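Visitor: One structure, as structure tokens, below. Some questions next.
The values are calculated or read from the model by the stated rules, or taken from the named source; none is laboratory data. Note that the coordinates shown come from a computational prediction; the quantities given were computed from them, not determined experimentally. Glycine also receives a Cβ, built like all others from the backbone with ideal geometry; neighbour counts cover every protein chain displayed. Ligands, DNA and RNA are excluded from the accessible area calculation, which covers all protein heavy atoms including side chains. Shrake-Rupley method; radii C 1.70, N 1.55, O 1.52, S 1.80 Å.
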Amino acid sequence: MSRRIAFFTIGESPRSDVVPAMSALLGEHVQIDEYGALDALDAPARERLAPRPGAHCFATRLRDGGSITLDKEATEQRLAEVMREADDAGYDLLVPLCTGTALPALRTWMVEPQQVVDQAMVALARHAHCVGALVPLATQIETFHLAQPLPCALRVDHASPYERDAAAAAAAFERAGRALAGCDFIVMHCMGYTEAMRAQVARASGRPTLLSNHLVAHTLAQLLA
């Protein structure tokens, strides 16, 4: 039986960096539509989403492979508008491609990646000493928090999945992996990280490393089977 699912990014769609890999895990019977919070916005509207001094912010991907930093609160409001527009389109599931995002109440069944990823972290940390988490921006480290507190120590580092300079990106993941080498396991918390990035961190750290979008995709695959 065919299933329909909608993915929502806080940047621009399509997310050609992560959705194809997730689609392969979901199977051919799942039809995927993508929506972006920035898709229909002109330059002045995007400028209104620019980070405010001292406010929390997001990093996300643009359609051309570039990246943009956005104000967290304003972007969440825009994302909610886009998701509400798709609420009556007959989807089996609505899934935002982001973690750490406040989401609206909708009629359609919604799966929150943060809940899937964070609850998995809590379960795996039950007998761990220290868990590592990777986020895109250094400014996100201080405000990073999980949906539920861990039963052990948490160490957070940063490396952007949207760095276009290959050498700089490799160096960032190498540094972050080494910084988290003392953890029992590492979770790459942003949905924008790829398998290649995960492999870099795993090699540099020598620790089991989990990719958030794969955790979510495997869960969705079973829900939609």
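Visitor: Going by amide H atoms built from the backbone, whose H comes under 5 Å of the H on ASP87, apart from near neighbours?
Guide: It is none; the list stays empty.
Visitor: DSSP loop trypsin sites (Lys or Arg not before Pro) in segment 39-100 with at most 15 other Cβ atoms within 10 Å of their Cβ, which ones? Could the numbers behind the result be given before it?
Guide: On the way: sites: ARG46, ARG48, ARG61, ARG63, LYS72, ARG78, ARG84; in loops: ARG48, ARG63.
Counting only loop positions with at most 15 other Cβ atoms within 10 Å, the trypsin sites (Lys or Arg not before Pro) in segment 39-100 are ARG48, ARG63.
Visitor: Per 0.36 nm of contour for each residue apart, how much would the distance between ALA166 and HIS218 grow if the chain were fully extended, relative to their Cα-Cα spacing? Show your work: numbers first, answer last.
Guide: Values: separation 52, 0.36 × 52 = 18.72 nm, distance 2.83 nm.
Answer, rounded to one decimal: 15.9 nm.
Visitor: Only sites in a loop by DSSP and with at most 16 other Cβ atoms within 10 Å count here; which trypsin sites (Lys or Arg not before Pro) in segment 162-207 make the cut?
Guide: Values: sites: ARG164, ARG175, ARG178, ARG198, ARG203; in loops: ARG164.
Counting only loop positions with at most 16 other Cβ atoms within 10 Å, the trypsin sites (Lys or Arg not before Pro) in segment 162-207 are ARG164.
Visitor: Let me ask you something else. Given R₀ = 22 Å, what would the calculated FRET efficiency be for GLN31 paired with GLU73, taking r from the Cβ atoms and rounding to 0.05?
Guide: Details: r = 32 Å, r/R0 = 1.47.
In this case the efficiency is close to 0.10.
Visitor: Next question. Grab the DSSP H runs of the chain that are 4 residues or longer, score each as -39,500 (n - 2.57), total them, divide by all residues and round the 222 nm result to the nearest 500 deg cm²/dmol.
Guide: Details: 7 runs with 76 residues, N = 225.
One gets -10000 deg cm²/dmol as the mean residue ellipticity at 222 nm.
Visitor: Would you tell me the accessible area of PHE144, worked out with a 1.4 angstrom probe on the heavy atoms of the protein chains, in Å² to the nearest 10?
Guide: 40
Visitor: At a Förster distance of 41 Å, what's the computed FRET efficiency of ALA21 paired with ALA147, Cβ-Cβ distance as r, to 0.05?
Guide: Values: r = 24 Å, r/R0 = 0.59.
Efficiency for this residue pair is about 0.95.
Visitor: So for the pair GLU195, ARG46, with labels modelled 7 Å out along Cα→Cβ, what separation do we get in nm?
Guide: Label at GLU195, label at ARG46, 3.1 nm between them.
Visitor: Testing the spin-label approximation: label points 7 Å from Cα along Cα→Cβ at ASP64 and ASP87. State their distance in nm.
Guide: Distance between the two pseudo-spin positions: 3.5 nm.
Visitor: With only alpha-carbon pairs counted, each pair once and no self-pairs, how large is the Kirkwood hydrodynamic radius of segment 115-212 in angstroms?
Guide: Numbers: mean 1/r = 0.0759 Å⁻¹.
In segment 115-212 this quantity evaluates to 13.2 Å.
Visitor: Name the shape class, rounded, prolate or oblate, that the alpha-carbon gyration tensor gives for segment 1-131, where a ≥ b ≥ c are the square roots of its eigenvalues, rounded holds for a/c under 1.5, and otherwise prolate holds if a/b is larger than b/c and oblate otherwise.
Guide: Values: a/c = 1.62, a/b = 1.10, b/c = 1.47.
Note, shape of segment 1-131 comes out oblate.
Visitor: Next up: Can you give the % of DSSP beta bridges in the chain that are antiparallel, to the nearest 5? Walk me through the intermediate numbers first.
Guide: Numbers: 5 of 30 bridges.
That works out to approximately 15 percent antiparallel.
Visitor: Using +1 at the Cβ of each Lys and Arg and -1 at the Cβ of each Asp and Glu in the chain, identify which of ALA172, ILE141, HIS129 lies farthest towards the dipole's positive end.
Guide: Toward the positive end, the furthest listed residue is HIS129.
Visitor: Still on this structure, I have one more. Using the scaling law 2.2 N^0.38 Å as the reference, what is the normalised Cα Rg of segment 52-125?
Guide: Ratio of Rg to 2.2 N^0.38 Å for segment 52-125: 1.25.
Visitor: Using the Kyte-Doolittle scale, find the helices of the chain whose mean hydropathy is at least -0.5 and whose Cα atoms extend 18 Å or more along the helix's long axis, counting only whole DSSP H runs. Display every interim value, and only then the final one.
Guide: On the way: long enough: 72-85 (20 Å, -1.26); 166-179 (20 Å, 0.44).
Helices meeting the span and hydropathy rule in the chain are 166-179.
Visitor: Write down the accessible area per residue of segment 115-212 in Å², having rolled a 1.4 Å probe over the full set of protein chains.
Guide: Values: 4480 Å² over 98 residues.
Using a 1.4 Å probe on heavy atoms only, each residue of segment 115-212 averages 46 Å².
Visitor: Still on this model: Dipole magnitude of segment 70-225 about its Cα centre, charges +1 at Lys/Arg Cβ and -1 at Asp/Glu Cβ only, in debye to the nearest 20? Before the final figure, lay out each step's value.
Guide: Values: 12 positive and 17 negative charges, 128 e Å.
So the dipole magnitude of segment 70-225 works out to roughly 620 debye.
Visitor: Whole angstrom only: what separates the Cα centroid of segment 11-25 from the Cα centroid of segment 137-187?
Guide: Taking the Cα centre of segment 137-187 as reference, the centre of segment 11-25 is 22 Å away.
Visitor: Another question about this same structure. Restricting things to alpha carbons, tell me how big the chain is in terms of Rg and Dmax, in Å.
Guide: Final numbers for Rg and Dmax: 17.0, 50 Å.
Visitor: In addition: Can you give the net charge of the other residues whose Cβ lies under 15 Å from the Cβ of ASN213, counting K and R as +1 and D and E as -1?
Guide: On the way: positive: ARG15, ARG61, ARG198; negative: ASP17, GLU34, GLU112, ASP118, GLU195.
With Lys, Arg at +1 and Asp, Glu at -1, the net is -2.
Visitor: Which FRET efficiency value, to the nearest 0.05, is calculated for ASP39 and GLN115 with the Förster distance at 25 angstrom and r the Cβ-Cβ distance?
Guide: Numbers: r = 25 Å, r/R0 = 1.01.
The value I calculate is 0.50.
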